[in-house]
Amino acid sequence: MSHYRSMLIMPGNSPKRLQDASVFNPDLLVLDLKGVKDEEKDSARLLVKEAIGFMDYEKVKIVVRINTLESGFGAKDIEVIARVKPAALMLPQASVEKLQDVEKILAGVEKEAGLEPGKILLFPVIETVKALENVSSILSVSTRVVGAFFNADGLAQELGMTRTKDGEEILYARSKVAMACRVAGLDSFDTPYNDGNDTEGLEKDAGKARNLGFTGKAAINGRQIDIIHRVFA
Amino acid sequence: MKITKTAQAGAVESSDVLITVAPNPEGGIKIELETKRVIEKQFGQQIEKVIRETVEALNVEDVIVKAQDKGALDYTYRARVQAALERAL
């Protein structure tokens, strides 16, 4: 898996959005379990599992954003989702230690389920100050790691930053993630542009990310995909 | 395996289904489907089959399954029935 331009993030507990998502033809479709309310995480996990087994997503690669292990939901996410063989798992609030723990659980499930070892790939989410400073180490933890997703909103929350449309406040972080991925020869996905109606702003923001060295960009709205593909063509 | 309480999963939203499961004092698997008449006529049997297969795959006995359908596909039925049953154990 390499050189994908877009990842569309969709909530994992909405059948309608799971069904509609592939229409937009993102390179990667991220089915999100982390953003689901705690009381619906069990139900969302089962819905995503059944959706992957049932739906024909054609050329779209399926990635599942799992919960962190420390939340109490992450291990069960891996246990259930790995068995339906998504292309990759996305790991929020990544760190070297957390990736090692996830890899251990994932390898155990693969063995138990008779799956090809190492086939399910990993996308760490860089969204903490610590992850940002250790990004190169995170990228080299495992051969399963094929890229990283920079989530500026997570970082902004930790630092108490106010996000702006021109993104001056995240210039250093963006540059650091993009360069580390380039050095490692891996894909890098820039943070989503949060205004789904501002196509001009998205185009400008995606161009900035491309010029900083990112290989692609995340999207939270299917209508953003065509623009992202055009910019990262 | 018997469920011990009433539980729900899903939602009354487009493309989804709200599943409510409860112990069946009369025994067996009883399915109550609420949907548009046209859906019931065309897909009612298939929906009931999916619900029954999901219940049986989990080895659950003596259960009433109520489904309030809003155009859910088979995979959504499987997921919501399973979630409701796991919550009812």
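We did not get these values from a lab; they are worked out from the coordinates using the rules stated. Quick caveat, the model's predicted, so the values are computed rather than measured. Cβ placement follows ideal geometry from the backbone for every residue including glycine, while neighbour counts extend to all protein chains displayed.
Using the Cβ-Cβ distance between B:K2 and A:E70 with R0 = 41 Å, the FRET efficiency computed as 1/(1 + (r/R0)^6) comes to roughly 0.75.
If you add up the charges near A:G216, with Lys and Arg at +1 and Asp and Glu at -1, over every other residue whose beta carbon is less than 14 angstrom from its beta carbon, what do you get? Net local charge, A:G216 excluded: +3. Loop-located trypsin sites (Lys or Arg not before Pro) in region B:1-68 (DSSP state not H, G, I, E or B) with no more than 10 neighbouring Cβ atoms inside 10 Å: B:K5. Ranked by the mean number of other Cβ atoms within 10 Å per residue, highest first, peptides A:170-180, A:213-223, A:153-163 order as A:213-223, A:170-180, A:153-163. Based on DSSP H segments of at least four residues, each scored -39500 (n - 2.57), chain A has a per-residue ellipticity at 222 nm of -12500 deg cm²/dmol. Axis of helix A:41-54 versus longest Cα principal axis of chain A: the two differ by about 90°, to the nearest ten degrees. Label separation (A:N211 vs A:E158): 2.7 nm, computed from points 7 Å beyond Cα along the C-beta direction.
Measuring against 29 Å, Cα to Cα, the residue pairs A:K85/B:K36; A:K61/A:K208; A:K61/B:K36 contain A:K85/B:K36; A:K61/B:K36 as the ones spanning a longer distance. Axis angle, to the nearest 10 degrees, between helix B:74-88 and the longest C-alpha principal axis of chain B: 30 degrees.
Residue separation of A:K204 and A:K37 scaled by 0.36 nm, minus their Cα-Cα distance, works out to 56.8 nm of gained length.
Computed over chain A, relative contact order equals 20 percent, with contacts defined as Cα pairs under 8 Å that lie 6+ residues apart. The ranking of A:Y4, A:Y193 from fewest to most other beta carbons within 10 Å of each one's beta carbon is A:Y4, A:Y193.
Is there a pair in A:K16/A:K41; A:K34/A:K130; B:K41/B:K70; B:K41/B:K66; A:K119/A:K204; A:K59/A:K119 whose C-alpha atoms are over 24 Å apart, and which pairs would that be?
With Cα atoms farther than 24 Å apart: A:K119/A:K204.
Using C-alpha pairs under 8 Å with a sequence gap of at least 6, the mean separation divided by the residue count of chain B gives a relative contact order of 47 percent. Reducing region A:14-57 and region B:58-84 to their Cα centroids gives an inter-centroid distance of 18 Å. Multiplying the residue separation of A:N194 and A:K119 by 0.36 nm and removing their Cα-Cα distance gives an extension gain of 23.8 nm.
Using only Cα atoms, find the angle between the long axis of helix A:96-113 and the longest principal axis of chain A, and express it within 0 to 90 degrees, rounded to the nearest 10. With both axes taken from Cα atoms, the answer is about 40 degrees. Under the simplified labelling scheme, the A:E58-A:Y172 pair shows an inter-label distance of 4.4 nm, with each label point 7 Å from Cα along Cα→Cβ.
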